[in-house]
Amino acid sequence: NSSIITGQVLYNFTTEDTSFNPGSNSFVDGKVLIPMDMGILNCYDLLTGKLLWRSTEFDYPWGAFGGYNAEGAYGLYFWQTYDGVVAFNVSTGKLQWKYQYQAIPFETPYTMANGTDQYAFYGSAQVADGKIYVYNTEHSASQPITRGLRLHCINAYTGEGIWDITGQMQPGAI
């Protein structure tokens, strides 16, 4: 990592972990959060590169795969996964909340450990005014089009759903 002011290299390190996708990295409160393959979230200090914590609280296998983007706000790291939308506390590394949207039986292949089927959240999200706006979708659209795709408004602090509307709509400007 290099200084934005001087361009001087601040640190360089290697790790045994493999990054899931650079688009899923996020910066929150002086920290760099990087989801790794196999359901691990690493948090590094932005100025020193020191590993601050490592979380393994993703539910394998569907929680270990998500969208190629992530968001950070309010001291939380948000990531859309095939297991739902998750929020991690960037200070503690603990899973703050998980929002899931239960699927119609046999509508998706995403069966959770508790036996329920869930719709995947693969798309991008927008965060504003204490809310996260996100739509459920998956990597490759199937035919016929999956029923149950919706735009969701979620309380960013608690993970409770506020409202949802029918349709696969990517949130834009807020």
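The values are calculated or read from the model by the stated rules, or taken from the named source; none is laboratory data. Note that the structure is predicted; figures quoted are calculated from it, not measured. As a convention, Cβ positions derive from the backbone with ideal geometry for all residues, glycine included, and neighbour counts pool all protein chains shown. Just the protein is used for accessible areas: all its heavy atoms, side chains included, with ligands, DNA and RNA removed. Shrake-Rupley method; radii C 1.70, N 1.55, O 1.52, S 1.80 Å.
Here are the numbers for this structure:
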read-out	value
Inter-residue pairs, beta-carbon under 7 Å, first touching a residue at least 40 places away in the same chain (Cβ under 8 Å) and in region 64-80, second part of a strand (DSSP E or B) and acidic (Asp, Glu), 6+ apart	Phe78/Glu71
Hits in region 130-152 - residues which are open to solvent by less than 40 Å² (accessible area, probe 1.4 Å), over 15 Å from the mean Cα position of the chain (by Cα) and either at pLDDT 90 or above or of a type in the set (S, T, N, Q) (or both)	Gly130, Thr146, Leu151
Number of positions in region 15-53 that are charged (D, E, K, R) and surrounded by fewer than 13 Cβ atoms within 10 Å (Cβ to Cβ)	3
Failed criterion for Tyr77 (all others in (1) more than 18 Å from Gly23 (Cβ to Cβ); (2) in contact with a Ser or Thr (Cβ under 6 Å, 6 or more places away or on another chain); (3) at pLDDT 95 or above; (4) not basic (Lys, Arg) hold)	(1)
Output for region 96-125, where each listed residue is in a strand (DSSP E or B), touching a residue at least 40 places away in the same chain (Cβ under 8 Å) and either among the aromatic types (Phe, Trp, Tyr) or open to solvent by less than 70 Å² (accessible area, probe 1.4 Å) (or both)	Trp97, Lys98, Tyr99, Gln118, Ala125
Residue in region 70-77 that is over 21 Å from Tyr157 (Cα atoms), open to solvent by less than 70 Å² (accessible area, probe 1.4 Å) and either of a type in the set (Asp, Glu) or more than 14 Å from the chain's Cα centre (by Cα) (or both) present	no
Near pairs, Cβ below 6 angstrom, 6+ apart or cross-chain, from region 37-55 (in contact (Cβ under 8 Å) with a residue 40 or more places away in the chain) to any residue that is open to solvent by 60 Å² or more (accessible area, probe 1.4 Å) and among the hydrophobic types (A, V, I, L, M, F, W, C)	Cys43/Leu52; Gly49/Phe13
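Conditions (1) of a type in the set (Ser, Thr, Tyr); (2) within 22 Å of Ala64 (Cα to Cα); (3) touching an Asp or Glu at 6+ places or on another chain (Cβ under 8 Å), marked per residue:
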{"position": "Lys131", "(1), (2), (3)": "no, no, no"}
{"position": "Val134", "(1), (2), (3)": "no, yes, no"}
{"position": "Ile145", "(1), (2), (3)": "no, no, no"}
{"position": "His152", "(1), (2), (3)": "no, yes, yes"}
{"position": "Gly159", "(1), (2), (3)": "no, yes, no"}
{"position": "Thr166", "(1), (2), (3)": "yes, no, no"}
{"position": "Met169", "(1), (2), (3)": "no, no, no"}
